[in-house]
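Enquirer: Handing you a structure now.
We did not get these values from a lab; they are worked out from the coordinates using the rules stated. Fair warning: this is a prediction, and the values are worked out from it, not measured in the lab. Positions of Cβ are backbone-derived with ideal geometry, glycine not excepted, and every protein chain shown enters the neighbour counts.
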Amino acid sequence: MRTPAAASVDRLTIFDGGEAHVTDISQWSPGVNVGKSAVFSNNAYLIAHGDDYMLWDCGLDDSMIDIAGGKVMAHDVRGIVTKTLASQFDEIGISPDQVTHIDFSHAHFDHVGNSRYFPRATWYVQRLEYDAMFGPNTSQLGFLPELYNTMRQNPMKLLNGKHDVFGDGSVVIHATPGYTPGHQSLLVRLANHWPVVLSGDVAHFHKNFCCRRVPLFNFDKPKSVESINYVDKLVLDERAELWINHDMAQSATLAHAPRWID
């Protein structure tokens, strides 16, 4: 057990946000593992801070639970849902209406699928990502606006870089562009656990992170590498754990709802 930070959140709960099945993982690691299939984890994270709840990412659309075998959504990725986000909220006795802050690492379908559940939450989004989400090139970016169109009505804070959500250093958004125009990552400080960095899709697996492998379809490949370097330094400076959303092997080692981490 570590010494508590000066400011920390009360607890962090990890939800199962579905799975992504791919037939050729080399899209994410060019020249490596060509033709090999893989399954990605998709996590959503509920952060309790006093009377506030913040949700970071919200998984695949719950309605996909009714589609046997899932559905190909974007970038040849098949999304599969076997447990809804709504049922996991019920399991821990919290209503989506209690979520006061919401944020997404970026706007791909496996991170924004249930955004409609949280119309009262203040949305924190990088201005570059917002402009891309509602701009003319959503299909090239792999964005599906029908999944997040309701977010236009949410209370909103447009960001241009780093942002301290609660003003006490316990939850800090970091701009990490490259995968998408306004991709971002999150530093969370916990009282009885090392800080964690939720890196979104800066990299999809630890090997890709360590080897600075950039997916074929990234918006800006040089910025992608810069952001991996930035996150690497952040993890070292904060002596934090790096949690990579889609790394199934790592995800299997983490406590998921109804358990939590504090």
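Enquirer: Sticking with the crude label model, points 7 Å out along Cα→Cβ, report the distance from residue 156 to residue 10 in nm, one decimal please.
Expert: Calculated label separation equals 3.0 nm.
Enquirer: Right, another one. For a Förster distance of 25 Å, can you work out the FRET efficiency between the beta-carbons of residue 140 and residue 72, rounded to the nearest 0.05?
Expert: Working: r = 17 Å, r/R0 = 0.69.
FRET efficiency, residue 140 to residue 72: 0.90.
Enquirer: For a quick protection proxy, order the peptides 152-160, 76-84 by their average other-Cβ count within 10 Å, most packed first. Don't skip to the end; give the middle numbers.
Expert: Details: 152-160: 13.7, 76-84: 17.9.
Per-residue mean Cβ counts within 10 Å order the peptides as 76-84, 152-160.
Enquirer: How big is the equivalent ellipsoid of region 1-133 along its three axes, where each semi-axis is √(5λ) from the Cα gyration tensor, reported in whole Å from largest to smallest?
Expert: Working: eigenvalues 157, 65, 51 Å².
With the √(5λ) rule applied to region 1-133, the semi-axes are 28, 18, 16 Å.
Enquirer: Taking a cut-off of 31 Å, what percent of all Cα-Cα pairs in the chain are separated by more than that? Before the final figure, lay out each step's value.
Expert: On the way: 5863 of 34191 pairs.
That fraction is 17 percent.
Enquirer: What's the FRET efficiency of residue 149 with residue 241 using the Cβ-Cβ distance as r and R₀ = 30 Å, to the nearest 0.05? Display every interim value, and only then the final one.
Expert: Values: r = 35 Å, r/R0 = 1.15.
Computed FRET efficiency for residue 149 and residue 241 comes out at 0.30.
Enquirer: Run the quick spin-label model on residue 206 and residue 253: label points 7 Å from Cα toward the beta carbon, then report their separation in nm to one decimal.
Expert: Modelled inter-label distance: 0.4 nm.
Enquirer: Sticking with this one: Working from the alpha-carbon coordinates of region 157-225, get Rg over Rh, Rh being the Kirkwood radius.
Expert: Ratio of gyration radius to Kirkwood radius for region 157-225: 1.02.
Enquirer: I would also like to ask the following. I need the peptides 190-203, 245-258 ranked by packing, meaning the mean over residues of other C-beta atoms within 10 angstrom, with the highest value on top.
Expert: Details: 190-203: 22.4, 245-258: 15.7.
For the peptides 190-203, 245-258, the packing ranking is 190-203, 245-258.
Enquirer: Can you run phi through the Karplus equation (6.51, -1.76, 1.60; θ = phi - 60°) for region 35-49 and list ³J(HN,Hα) in whole Hz, with x for Gly and Pro?
Expert: x, 8, 8, 7, 10, 9, 6, 9, 9, 10, 10, 9, 10, 9, 9
Enquirer: Show which lysines lie in cross-link reach of residue 223 when reach means a straight Cα distance below 30 angstrom and same-chain residues fewer than eight apart are skipped.
Expert: Hits, sequence-local ones excluded: 36, 157, 162, 207, 233.
Enquirer: Each label point is 7 Å from the Cα along the Cα-to-Cβ direction; what then is the distance between the points at residue 86 and residue 166, in nm?
Expert: Between residue 86 and residue 166, the simple spin-label model gives 2.9 nm.
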